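What follows is calculated from the coordinates using simple rules that are stated; it is not laboratory data. Since the structure is predicted, the reported quantities are computational estimates derived from the model, not experimental observations. Quick reminder, even Gly has a Cβ in these numbers, built from the backbone with ideal geometry, and neighbours come from all protein chains shown.
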Amino acid sequence: MSGTEEADRGVGGTRSRRRRRPLAALVVATGLLVGACTGTDQVEGDFQFIAPGGQTRLHYEAAERQPVPDISGEDLFDEDSRISVADYAGDVVVVNIWGSWCTPCREEAPELQRMSEATADEDVQFLGISVRDNPRSAPIDFMENLGLTYPSIYDPSGRSLLGLRGYPRNAVPSTLLIDREQRVAAVFLAQVHEEELMPAVEDLLAEGGGDAAAPGADDRGEETDGTSAGDGGEVGGR
């Protein structure tokens with residue numbers, strides 16, 4: 001495993017986080033499209049979310065993947081530090097959008113923690129984004145009470161997701177899979193279970209690519225078999 005582990009002291013406990021990697025510059029998407037997505041064609045450039053027929057599980061073949069825009073924000077446990085998806089270039093990144101007020105998030109989180117522990121010796125990084133949570137102590141208590149050790153961004157306004165054009169930011173929980181080349185490989189717009197998510201992560205690991213894969217690297221990805229099961233998520237405000 002190329003990343004090294006280091007312990008970060010959080011509020012009331014110890015959390016683990018890999019040392020961040022330097023990353024190549026990413027083009028940050030501009031503009032804001034919120035709510036239901038429109039259109040049928042993908043475009044070149046940074047990721048634009050399209051959900052044909054209102055699908056809630058989407059998997060993209062390697063040739064179809066688009067670069068993830070800048071997704072970054074304050075470390076939940078340290079407001080003076082920032083975390084970015086780009087810190088983990090070369091890893092498969094599982095980005096989970098959650099809130100302490102969200103019942104499906106509470107059900108989903110222990111499974112994410114198990115997967116994070118199971119892939120601790122592989123090139124996989126789990127990263128949460130806490131949204132619509134005030135005060136800050138609420139998501140901190142949520143993570144500590146559930147024993148979650150992977151890092152999370154504290155983003156009550158959801159600003160970190162603005163670059164995801166067309167992405168329904170009111171879909172909580174939701175999860176994005178980012179491949180080793182910092183491209184969006186899959187989207188789950190509702191609660192996701194271990195038996196569905198882990199095979200998708202393993203498929204991305206099998207593609208190879210290594211740290212900070214150079215542009216033009218061989219794409220060996222295959223479309224994973226997603227399910228159309230609609231596990232309940234929470235959409236909209238509290």
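For this structure, a couple of remarks:
- Residues with amide H under 5 Å from that of ARG82, placed H, sequence gap 5 or more: ASP75
- Of the residues ALA86, SER174, ALA63, the one whose Cα sits farthest toward the positive end of the charge dipole of region 34-210, with +1 on the Cβ of Lys and Arg and -1 on the Cβ of Asp and Glu, is SER174.
- Estimated at 0.36 nm per residue, the fully extended path between GLN55 and ARG82 surpasses their Cα-Cα distance by 6.5 nm.
- Using a simple spin-label model with pseudo-atoms 7 Å out from Cα toward Cβ, GLU122 and SER137 lie 3.9 nm apart.
- Note on GLU144 and ARG106: the model spin-label points, each 7 Å out from Cα along the C-beta direction, lie 1.8 nm apart.
- Each DSSP beta bridge with both residues in region 73-202 is either parallel or antiparallel, and the antiparallel ones are about 60%.
- Counting all C-alpha pairs of region 34-210, share separated by more than 28 Å (%): 16 percent
- Cα-projected label distance for ARG114 with SER157, points at 7 Å along beta-carbon direction, nm: 3.8 nm
- Surface/4 of the Cα convex hull for region 102-174, nm²: 5.2 nm²
- Placed amide H near ARG165: partners under 5 Å, 5+ positions off or other chain: PHE49
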